[in-house]
Structure formats: C-alpha cells, structure tokens
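> This is the structure, below, for whatever I ask next.
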Amino acid sequence: MDAAKDGDTIIVYSGTYTENIDVNKELTIISESGNPEDTVVQAPGWHGKIFNITANNVTINGFKVEGGDQGIILDCVQYNNISNNKISCMNGIVLGSSSYNTLHNNNCGYLNSIDISYSNNNLLSNNSFLAMEFCFFMRHSNNNILIGNSIHGEHPFLLEYSCNNKMYNNSITGFDGTSLFYSSNNTMSNNYIGGGDAGISVSFSNNTTMSNNYVSGDYGIIIGSSNYCIMSNNTVSAQGLNGFSLSNSNNNILKDNIVVEDEHYSACCSFYLGSSNNNILTGNIARQTILDEGCWNINLINSSSNLIYNNYFNSTKNVYDNGNNIWNITKTPGTNIIGGPFLGGNYWSDYAGADTDLDGLGDTRLPYDSEGQIANGGDYLPLIMPAGPPAVYTVNNSTGPAADYTSIQAAVNAAKDRDTIIVYSGIYPEDVDVNKELTIISQSGNPEDTVVQTFKITANNVTINGFVVKGYSGIRLDGAQYNNISNNEFYRISLRSSSNNTVRNNSCEGASDCFYITYSNNNLIINNSFLAMELGIYMLHSNNNILIGNSIGAGDHGLVLYYSHNNTVSNTTVGACWEPIGLRFSSNNIVSNNYMSVADTAIFLHDSCNNNTVSNNYVRSASVAINLWSSSNNNTVSNNYVGHASPAVNLRSSSNNRVNNNTVNTGSTAFNLKDSNNNVLKDNIANNADFGTKSSFCLESSNYNILTGNVAGKKKIQEGKENIHLNNSNSNLIYNNYFNSANNVYDNGNNIWNITKTPGTNIVGGPFLGGNYWSDYAGDDTDGDGLGDTLLPYNCEGQIANGGDYLPLVTTAGSTPSIPATVESEGTDTSRMNYRTSASRSDSRLVTRSAPAPDSTVLSFDPETALVIEGEGTEIRVMADEFPEGLAGYNLTFSIEDPEIAEITEIEFPVWANLTASSDLPAASVYMTAFDGDEMIQAGAESVILGNLTVSGKAFGKTNLTITVEDLDDDSGNPVEATVLEGSIEVKMALIPEYGNSPENPDTVEGYKDFTGNEEISSRNLEMPYSIEWIKENMLEEFFDFNGDGKIDFNDIVALFKTG
C-alpha cells in the first residue's frame, strides 16, 4: 500500500492478513482468487477500521473482512467500488459524506451491517445485509439507489432525513420492517418487506411512492403525518392489525392495492384512516373476512372529504365512518373492479339491494350505509357482482389432484380480471392468450416440471411465474403494462409497446436471439440470464429502461440499443461474443460496471450516439475495446479497464468527447483518433507493458484535441511506431504527459507541445506545468525549475516537423518519475502485504510483477519450409509447443514477406476455437483471432494446433513467413511470452507455364519428351518448357541463355536441342 501510487492495482494472494489498512490513494485492491473465503483481512484488535478509505476511485473486491469495530469505511470519498466482499465486524460498512459509490454483491453481517450518513448518489445492488441490531441505517442521504439487496435484522431498514432515494427489488425482513422518518420523495417498488411489528412505517415523510411491493407484518403499511404519498399495486398481509393505516395524513392516493387474509390471524382493519382528509382510495381489494370485534374492512375516524370508490370490500363488517366522506363518483362507463360496465361506488359483500336495470349498479336500499355505520350519506351507486369475487382456478392435465380445468387457456377464458390461475406440473402444448389482469403461476414454483408452449400477454397487471416456455415466440408482451415476468425459462421474450414491466430472474437459452424490446419504456430488466446463438438483447426506440445484474452470452451481439435513449446498463456480464454492447443512434445512456471477456468490439457507439456515459467497465480482451464511430459526440469514457485490445479506445469521426482516467494494458495501440476533433484525453494510463507493437496514442487527421496527464508507458516500441503518432493532424494541445520510449513521437503537422510555464505539480512531480516528460530528452535544467533549458525545442531529432516542446519536463538528478503502476501483491500470513518486483523505478518500467516470467512458448510452422508449385496451393500448420498455464485465446498476424511470390488464400481455425475472427482473403498478411471458450486447452497442454494456412504460389522464388503476436493470453488473462520461429515458402516453377496439358506417361523417355501432352514429338516440345515471354517476366534470364549471347531468343532453344 505504501509503495503504490494513484491508479495502481494491488492483487492479494490467498492468506490471512492482520492489519488496519488506510487507503488514501486511488487504488484497485482485489484478491487474486476472487473468493473472499480464502483471502482474509482481520483486525489486529477489537477497535479500529480494517479498510479506511479516504481516496476516490478505489476498488475493494474479493475479501473476507472480519473482527474489529468497523469493516470498510468510506470517509468523504467518491466513485469507489466495494464488491464481492464478505464482512463480519461490529459495524460492517460505513459511508460518511461519500457519494457516487457502488456497493455490489457484498455479504455483510454481525451487529450493524451498513450505516450511511450525509452520502448521496450511491448505488447498492445485490448485497446481503444481516445484522443482530441495525441492518441498514441511512440518514441525511439523498438520491441513492438500492436494488436487489437482501436485508435482515432486528431493525432491518431505517431512513432518517433522507430524500429522493429509490429502492427496487429488495428483500427486507426483521422485527421493525422498513421505516422512513422525515424522509420525503422516496420510491419503493417491487420489494418484499416483512416486519414483526410493521412492514412499512412512513412518518413525517411526504411524496413517498410505494408500488408493486409485497408487505407483511402486524401492521402492513403505516402512514403517519405524511401527505401526497402514492401507494399502488401493493399486496399487504396484515397479521392481526391494520393493512393500511393513515393517521393525520392528507391528500394521499391508495390505488389497486390488495389486502390479503392471513389464515393464522384475525384482523383489525384492512384500511384505517384516523384524522386524515382529502385522500383517494380506488381499485383496492380488501379480502379479509374474519375481523376482530369493533373492527371493519375500512374504518374512518374523524376523517372527512375522502373519496372512496371502485373498491372491493368482502366482510360482514365492511365499514365504519363518523365523518363526511364521498363513497361514489357519478355513473361513468368503464369496467369496474368486479367486471361490470360502469364505475360508480364500491362492491360491498353485505349489500342486500337489487340491480333492477341490470347496469351492474344497485338500485334499491340506497344509499348503502352498512346499517347506519356510515354516519353521513353513503354509497349511492354500489356495485353488483354478477359472478362472484376474484377467484382462484386450478389447471392439471395429468395425474395428481383434480383441477378446475385441463388447459391453461380454458382457465384464462373462464377467469375475470384479478383472478389467479395455479397450474400443476405437466406439459401444456398450448399458445396461451392472456387478455385479462391475471396471476398465472406454477403450483410447484419449479419451471422444470411445468412446460408451456407460449404466452401472449395483451393485458396489464399480469404475472407469469415458474414456467418453462419452449415455443419459438416464448413470452410476448404486446401493448401491456405493469406486468411481472419472473422465475421462468423461455426460448425468447419480447416487449412491444409495453412499459413499466418487470422481467426478473428468468433464463433464456438456445434461440438465435433472446430478448426484443421495441417501443417500450420504463421497464426493469434485472438478474436474468440470456444465452443466444446470435443476439442477446435488442432494444429499439425504447427509453428509460434499467438493465442491471444480467448475464448475457451470444455469438454475435450481446446487447444492442437502436434509437434508444436514457437507458441504464449496469453490472452486466457479457460472455465472449463479436460485439458485447452496441449503441446506434442512441443518446444519454449509461453503460457502467459491466464485464466483457473476449470480443471483436466490446463497447461500440456508432452513428450519432451522443451524451452517453461509458464508465467503470472491464474489458478483458478485444480487437477494439471501446469504439466511438461516425459522429458519436459529447460522450464521457472514464474509469474503464482494458486488458488487451488494438486499439483499446478508438474515436472515428467523433468529436467533443471526454476520455479520462482509463487504464489500458495492451502492447497494441491504446488510444486511436481518426478524423476526430475537439476531444479531451486526460489522466489515462496507456499501457504498462515493457514492449509494444503499436503507438500508445495515434492521431490521424484529427485536430484541436487536448491530451494532458496521460502516461504512455511502452519502453520499447516496434520500429516505425512511436509512443505518440500524429499524422496530418494540427492544432492539438499536448502537455503534461509522460512518454517513455526510445522513439517517442512522430508529428508531421503543426501542433502545440506545451503551455506557458504555470505553477502546479506536473506529471513527474515537478513544481511547474509546461510541456511533457520525454525519456529521451538530453537537455539540461540550468535553473532548477524542473523544465529543460537547452536543446530546445525538443523535437525527437526532427520527428516533430514543426516546432516542438519548448518546456520539456525533467527530474532532478538521480530521481525517477513518479508514475502510476500496476502492483500485484503476493499474500502471506503476515500482517503486511509483500511483493517482489522484477524491475525497479530507476529503470523507468511502469509494470511490476510478482514473479519471473514463465518459460517462453515457441510458435512455429509445420513444415518449416513449405514447397508449393506456382499456381497451386499447399497447407501450413501453425503450432505452439506448450502452454504451461493454458490458453484463453490469441490474436496473431501471419505475413508473407514478398507478396509477389505467394499469398494466403484460406485459413482454418482449430476445433477448440469457438469465437473466431479474421481479415479478408486472399492477402499477403492476415490476422486470426480465436478464443478457447470451452477451456479445451488446459494448463500443461503440448503440441497445440493454432490453425492452418493455405498458401498459393504466385511466382518462382522463396520468401519468409512470419508471425506477429498481437495478443496471446493464458487462462488467467496474463500475456504468454512467446518465441516465434520464422518459416519460409519456396515456389517451384510450373512444368508448362502457358499450357494446361501434362504428359500422358512421365515414366517413359518418349513420354517425358512429350511436354505438350499431344502424343507427338516435335520442336514444339522444346518451345513449351522454354516460353520466352514467360521467362523474361518471371525468371533470371542468365539461367536460360544457353548459347551465351546475352539475350533470350529462339537460338537458345536450338542450343539446348543440340546439347542433347
């Protein structure tokens, strides 16, 4: 930790580390195994902070943190990532005055799990918080997002003075349930909340939104002194007391909620309003039939001017009201809560009047007042139910319990809105058309044993849960909203003009394309698995959707956004495919915290993709990692990590983008700009490799860009390449960068290589900003200000054609530049992390390693020299002698030195390669990219076939065949050190250059003389192998000048004939 600098990575090997760690630098600290169980950090005593983070942009990943008072502390920091840790401390995670951080997939337990104070805009996803006392405590913290977390404790969830937070798809259980205190404008949706005392308690908190939650507790939802709240589509199970309880709360809306009956408890009230006015209750269902003495389904005490209509009350004691409230609207066409044709009042199970005009509204014994229990007025338009309350139907087409129906569609046809259909295990070969608001679930809850052909959903508020849907169209939502599709396995799913839906915990496998989202907005796609042959998720004209925690595997495209805006793609893992994430004509999207393994183009923004944010993504290996193409402007590309790519970040005809704080670890081009202007590249690390085949920064016909604070760390670069290369590019400002190579720069334009001398710490620690640090600058700093004063301007011996750097940065004698590096740590059981390095700072190397490199792998051709007849082809096998640590994949370029002699016409990949790419053929040079997705090439593999080349002879002669290693990675993602053995191609002359016949009998003397193959012996047989024009064009003439007169003509044929 002490040795590291901002931007470094610390890799910790398995072991137990006893220490308090003060993280005061921008670092990535990860366990080598990724398994918290074998990499333990424990406190030296019962007090202190194990990880005390006081810097921004810190990552802590893969640790077990235990013992002590406080586990992981974030103190006044931003943009940190705490993920995949297991924390067992008195206080697990503490955020104080810290914002824009991500906490993902942590397991935190013991006394108090997480404490958040004065901290805003944080993302907490897929964590498990388990505590004996306070599990989740947030105070004075706003605009945070909680999604997919599991929270359980004595006091599981408490918000105090915290506003504008969003809670989606969490499971919150414990004695006190969920409490909001002086916390307004918060949103809770699709959560499971269970409390011993109360499910949700909202006090002095206005504008709270609660929707699609399942809530249980002695009290379901309590609203106290809180106004303008919206509660919709919630299911509440009250265990002895009130379902919804409002006290001193006004102007709230309760809509489409269900209060279910708990078979183990009698209840007090489904809905209770005390001293609460001007609220609206509509579309709610009170299913409780067993009520305590003195309790009613809806109870209004000292409450007035509330509007209660189109609700369902099912008890012998339905209502008590001692105020002045409104119990119906005017008769209005529209389907009411029990399926009638008009809206009016409410359904009362104890209403004894009659519907004399058959309009579904009561006409006698009006107003309904529950025998005087409504003190003033009553319901003048009570609803009459023609068929009965919402029902539960069963379906079974095989052995087992008797059911109401043998087909799902028959049950759907018989059901009414809000009914439930339970399907028993079996195979149902039917295309189910769901055109009503229904809940359809498998009885077992296990998709594997309940199989359906397809579901087509055209209604709102539909739930499909627990099925295998094997038909080609799978599950289709068409013009539907507020549906919940969860825990299914399907062949395909599509949303068409469908919004506000939730698709959760499903799996899709086998289709050419898994998920189509078209003209659909505000959907939540969470924790699904999509495995497709071609396309994982395709989104067209769809906005404001959230995709989080999904896993995608596809052959061609993982996720495509087309004309889609304001979407969020986060915490998604995309397996090896051609293009994991692609945006076209799509703007204002967020692509963050995603992982991509192997790809051609990992993240592709093209055709006018503007104002997008691409941040904190990890790309293991790709031909191009992040590609901005064709007028993709004003995007932010920040804090991404790229393992191997060529180039890593590519801008083509794209301007006004900001590319900052990215780390690229590739020997090829790191940052490439072509026809791209007015971009800012700042604080990037462009490769930590010792040797590179391409430039760190390459600008082609690109103007008015700013490059500052960047590190170009390639010590050695292939001949003809430079650390920064500018071709036909002008008016770019390049200052305060670090260039570390023997051939640092090429610039044939007019660019600016320094600013004026300005006070401020520069990239090598000097006191002034000016130009750049050049490892090959040989001038002197005569006045000690850290800027060169002689041999000016620096122009790399004329490589900068016009001007140069007039203020090159220098370091004091004997010192070395302070540059970010990648640090790999080796774990032990001691209290300090140790590491060994194979190079020192004095050698200016930017990469340190924990162990010497393994023995070199030898790449070669079989045969080493390939013989081929002109105009014909032969096959050459590419071999590797061994891979001690296995093989993940490669990107190799094969080149024929003289393209006039031979060319590559065909390539063949090995059987283990399941993701491949190559350049066009025929060609003298071709690249081949292959990925071992099935891990067939294990550690210790020997005599591995990398591919086959078919080479065609073009002209007599001999030429070399070479291999350039762009990327060659082992199974851990580390580069394989390789030794390349050159091959050669020898092209033999064709027997008859101009004629296609061959001799009939080459084994006889006469046949051998018959070169034409026309079964005649004449002088023509000498003319055939001696084609004068062909020899002049293709051969060395002195070898065919048989009469020695210095020219080639018919006399040479005569001389040859006379010699025998």
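> Where does region 16-164 land on Rg(C-alpha)/(2.2 N^0.38 Å)?
0.93
> Report ³J(HN,Hα) in whole Hz for each residue of region 459-474, in order, from the Karplus equation J = 6.51 cos²θ - 1.76 cosθ + 1.60 where θ = phi - 60°; Gly and Pro get x.
10, 8, 6, 9, 10, 10, 9, x, 10, 9, 10, 9, x, 4, 8, x
> For a footprinting-style exposure proxy, rank H606, H541 by other Cβ within 10 Å, fewest first.
Arranged by neighbour count, lowest to highest, H606, H541 become H541, H606.
> Sort S592, S729, S586, S895 by Cβ crowding within 10 Å, fewest neighbours at the top.
Sorted ascending by nearby Cβ count, the order is S895, S592, S729, S586.
> In whole Hz, with x marking every Gly and Pro, tabulate ³J(HN,Hα) for region 93-110 from phi via Karplus 6.51 cos²θ - 1.76 cosθ + 1.60, θ = phi - 60°.
Calculated HN-Hα couplings, in order: 10, 10, 10, x, 6, 10, 9, 6, 9, 10, 10, 9, 6, 8, 10, 10, x, 3 Hz.
> In the set [x] 138, 79, 77; [y] 135, 86, 52; [z] 101, 99, 68, which value of Cα extents along the principal axes in Å was calculated from the structure you see?
Matching entry in [x] 138, 79, 77; [y] 135, 86, 52; [z] 101, 99, 68: [y].
> List every residue whose amide H lies under 5 Å from the amide H of N732, counting only residues 5 or more places away in sequence or on a different chain, with H placed 1.01 Å from N in the peptide plane.
Residues meeting the criterion, in which the H sits 1.01 Å from N, are Y704, N705, I752.
> I would also like to ask the following. Share of antiparallel DSSP beta bridges in the chain, in percent to the nearest 5?
Counting only bridges with both partners in the chain, antiparallel ones make up about 15 percent.
> Another question about this same structure. What are the extents of the Cα atoms of region 156-220 along their three principal axes, in Å, largest first?
Answer, in whole Å and largest first: 25, 20, 15 Å.
> Moving on. Alpha carbon centre of region 1-60 versus region 891-970: separation in Å?
42
> Which cross-chain or sequence-distant (5 or more) residues have an amide H under 5 Å from the amide H of V810, H modelled 1.01 Å from N in plane?
L787, G788
> At 222 nm, what helix-only mean residue ellipticity would the chain give, in deg cm²/dmol to the nearest 500, using -39500 (n - 2.57) for each DSSP H run of four or more?
Using -39500 (n - 2.57) per qualifying helix, the result is -500 deg cm²/dmol.
> Right, something else. Can you put R658, R620 in order, fewest other beta carbons within 10 Å first?
R658, R620
> Here is a further query. For the peptides 944-952, 343-351, 869-877, what is the packing order when you average, over each peptide's residues, the other Cβ atoms within 10 Å and list the highest mean first?
Averaged packing, sorted descending, gives the order 343-351, 944-952, 869-877.
> How would you rank 634-642, 370-378, 745-753, highest first, on the average number of other Cβ atoms within 10 Å across their residues?
634-642, 745-753, 370-378
> In Å, what Kirkwood hydrodynamic radius results for region 162-280 from the alpha-carbon pair distances?
13.6
> Tell me which residues come under 5 Å, amide H to amide H, from S171 once H is placed; ignore anything under 5 positions away on its chain.
Here the answer is N149, S150, I151, Y192, since their amide H atoms fall under 5 Å of that of S171.
> Where the centre of each part is set by its Cα atoms, how far does region 88-147 sit from region 318-397, in angstrom?
So the two Cα centres are separated by 47 Å.
No value in this document is a laboratory result; all are computed from the given coordinates. Everything quoted here is computed from the prediction, not taken from an experiment. Neighbour counts are summed over all protein chains in view; Cβ atoms, including those assigned to glycine, are modelled from backbone coordinates with ideal geometry.
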